[in-house]
Amino acid sequence: MGLLDGKIALVTGVANRWSIATGIARKLHAHGARLCFTYQGDRVRDEVEKLAAELGGAHVYPCDVTSDDALAELAASVARDYGRLDTLVHSIAYTRKEDLAGKVYTTSRDGFALALEVSSFSLIALTYALVDVLNDRASIIALTYLGATAIVPNYNLAGIAKAALESIVRYLAYDLGERGIRVNAISAGPISTASSRQVKGFKQILDRVATASPLHVNVTPEDVGNTAVYLASDLSVAVTSDVHFVDAGFHSIGMWDDTPRA
């Protein structure tokens, strides 16, 4: 018997087979959850549909999180096809490439607005659209990164947007707590995805985590998926308003020692 038998999860943010959202979806499915997916634009539609077919023939819905009409249509489609939701996975972020380099003070006004709308406000917008579809005691899971609370060179505006996202997690947890709905974030270590590779010097970030983290490894989408299973399951019914680090312990390092260990 799986930890998520009988539960229904909506996963957003799958772009391809290497996506963190893909690792999460695979783990949720392995533990018994029925899945559905959203996609943004025809560019990723085929990849999402392939994954959905592989994981139980899940429904796939187009969704532009910057459109209230699209979000309302998503909610109506999920209600029609599944009735209710037990888990919402928010794995959506976007920052213009030019805002991931240079100086933060050169960020454009419209670039800032776009990054915050897609990467941060979208969690509010999705929750508002789906709040009547979510079961009591459901779980909302957002994906964040260390750059929300610490300086990661070249992460820049993306880190600012993640900081806003983490704050939104806390306030949503407070507002939804009366229904027993839990809202948490997973702060994943650096993982080689299409979006992360847009960050200048990303390879050096991967190398540093593998060297300096207590576990001396880089994490995988499947590692993140294991924590998502916990947060989606009844094992975490008393856990909310928190950021759960899945980064081999790197977030706890204040200074590292490059001396090889015996």
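The values are calculated or read from the model by the stated rules, or taken from the named source; none is laboratory data. Computed from a predicted structure; not experimentally measured. All Cβ positions, glycine included, derive from the backbone under ideal geometry; neighbour counts span all protein chains shown.
Being modelled with pLDDT of 95 or more, surrounded by fewer than 22 Cβ atoms within 10 Å (Cβ to Cβ) and of a type in the set (D, E) narrows it down to one of D234, D258, so name that one.
Values: D258 fails: modelled with pLDDT of 95 or more.
None of the others qualify; the one that does is D234.
What number goes with the only condition from (1) surrounded by fewer than 16 Cβ atoms within 10 Å (Cβ to Cβ); (2) in a loop (DSSP other than H, G, I, E, B); (3) at pLDDT below 90 that D207 does not pass?
Against the list (1) surrounded by fewer than 16 Cβ atoms within 10 Å (Cβ to Cβ); (2) in a loop (DSSP other than H, G, I, E, B); (3) at pLDDT below 90, D207 comes up short only on (2).
Could you tell me whether T66 is in contact with a strand residue (DSSP E or B) (Cβ under 8 Å, 6 or more places away or on another chain), of a type in the set (S, T, Y) and under 17 Å from T127 (Cβ atoms)? First the steps, then the outcome.
Values: in contact with a strand residue (DSSP E or B) (Cβ under 8 Å, 6 or more places away or on another chain): no; of a type in the set (S, T, Y): yes; under 17 Å from T127 (Cβ atoms): yes.
Spelling it out, it is not the case that T66 is in contact with a strand residue (DSSP E or B) (Cβ under 8 Å, 6 or more places away or on another chain), of a type in the set (S, T, Y) and under 17 Å from T127 (Cβ atoms).
Do the conditions hold for V246, that is, is it in contact with an Asp or Glu (Cβ under 6 Å, 6 or more places away or on another chain), of a type in the set (V, I, T) and surrounded by 15 or more Cβ atoms within 10 Å (Cβ to Cβ)? Give the derivation first.
Details: in contact with an Asp or Glu (Cβ under 6 Å, 6 or more places away or on another chain): yes; of a type in the set (V, I, T): yes; surrounded by 15 or more Cβ atoms within 10 Å (Cβ to Cβ): yes.
Answer is yes for this residue.
Would you mind finding the one in R170, R197 that is assigned to a helix (DSSP H, G or I), at pLDDT below 95, under 17 Å from the mean Cα position of the chain (by Cα) and farther than 24 Å from D69 by Cα?
R197
What is the one condition in (1) within 30 Å of V78 (Cα to Cα); (2) more than 14 Å from the chain's Cα centre (by Cα); (3) crowded, with 19+ Cβ neighbours inside 10 Å; (4) of a type in the set (S, T, Y) that S213 does not satisfy?
Going through the list (1) within 30 Å of V78 (Cα to Cα); (2) more than 14 Å from the chain's Cα centre (by Cα); (3) crowded, with 19+ Cβ neighbours inside 10 Å; (4) of a type in the set (S, T, Y), S213 breaks only (1).
Take the residues in the stretch 143-156 that are buried (at least 17 other Cβ atoms within 10 Å of the Cβ) and not β-branched (V, I, T); name whichever of them is nearest to the chain's Cα centre (by Cα). First the steps, then the outcome.
First, pick out the residues of the stretch 143-156 that are buried (at least 17 other Cβ atoms within 10 Å of the Cβ): 143-148, 152, 154-156.
Narrowing further to those that are not β-branched (V, I, T): 143, 145-148, 154-156.
Numbers: L143: 3, Y145: 9, L146: 13, G147: 14, A148: 13, N154: 20, Y155: 17, N156: 18 Å.
Checking each candidate, the answer is L143.
Does the stretch 17-31 include one or more residues that are outside any helix (DSSP H, G or I), in contact with a Cys (Cβ under 8 Å, 6 or more places away or on another chain) and farther than 18 Å from A138 by Cβ? Spell out the reasoning first.
Filtering the stretch 17-31 down to residues outside any helix (DSSP H, G or I) leaves 17-19, 31.
The next check asks that each one be in contact with a Cys (Cβ under 8 Å, 6 or more places away or on another chain); those that pass are none.
No - not one qualifying residue is present in the stretch 17-31.
Among the numbered conditions (1) part of a loop (DSSP other than H, G, I, E, B); (2) in contact with a strand residue (DSSP E or B) (Cβ under 9 Å, 6 or more places away or on another chain); (3) in contact (Cβ under 8 Å) with a residue 60 or more places away in the chain, tell me where S187 comes up short.
S187 satisfies every listed condition except (1).
Got a number for residues in the stretch 1-49 being under 13 Å from E222 (Cα atoms), charged (D, E, K, R) and modelled with pLDDT under 95?
1
Return the only residue of L4, L35 being assigned to a loop (DSSP other than H, G, I, E, B), surrounded by 20 or more Cβ atoms within 10 Å (Cβ to Cβ) and among the aliphatic types (A, V, I, L, M). Even if it seems obvious, please write down each step before you answer.
Details: L35 fails: assigned to a loop (DSSP other than H, G, I, E, B).
Of L4, L35, the one residue that is assigned to a loop (DSSP other than H, G, I, E, B), surrounded by 20 or more Cβ atoms within 10 Å (Cβ to Cβ) and among the aliphatic types (A, V, I, L, M) is L4.
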